[in-house]
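Before any comments, here is the structure.
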Amino acid sequence: MTILDRPPAEWKRPAMPCRVKLEVLIRQGGRCAQTKEKLGSVENTQFDHRPALWEREFDTATDDTIPPANDPAFIDACTIAGHKTRTHGNGATTVGSDSHRRAKIKRMTDPKPAKPKRKIQGRSTFPKRKVRRFG
């Protein structure tokens, strides 16, 4: 049994059974976890993993995340707009969203090599201009 920091790149999350979706909806009382407004139709409802699947540890023995990807206690039902806000931010900024957190972790763990500093050219190295005089 090996525990990885995050799921491997080739891992695909399992499909969410209807039973899990129903348990989530009953637990939330038919309201959006983000906006607290009443969920309308099934077409307007999306299911959000909390914490996001890429943030969870991965158990190679069970080939699933810790906690499991389809554990109803770690899934929230949201409207499409509420899920978009949680995932990508409010439109003006991405701070606090999943995409912001993922980009920040990537920047912190995979830093780019620093560019070599360039020396500013001195005055003597600039090309001379020809002065044109009129008259």
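Consider segment 34-77. How many of its residues are surrounded by 15 or more Cβ atoms within 10 Å (Cβ to Cβ), among the aliphatic types (A, V, I, L, M) and without any contact (Cβ under 8 Å) to a residue 40 or more places away in the chain?
Qualifying residue count for the region: 0.
Could you tell me how many of the residues in segment 79-110 are out of contact with any Leu (no Cβ under 8 Å at 6 or more places or on another chain), outside any helix (DSSP H, G or I) and surrounded by 16 or more Cβ atoms within 10 Å (Cβ to Cβ)?
So the first thing to find is which residues in segment 79-110 are out of contact with any Leu (no Cβ under 8 Å at 6 or more places or on another chain), and the list is 80-110.
Filter once more, so that each one left must be outside any helix (DSSP H, G or I): 89-97, 110.
Now restrict to residues that are surrounded by 16 or more Cβ atoms within 10 Å (Cβ to Cβ): 89, 94, 97.
Selection size over segment 79-110: 3.
Every read-out reported here was derived from the displayed coordinates using simple, explicitly stated rules and does not represent laboratory data. The shown structure was predicted, so the numbers you read here are calculated from the model rather than taken from an experiment. With ideal geometry, Cβ positions are generated from the backbone for all residues, glycine too; neighbour counts draw on all protein chains shown.
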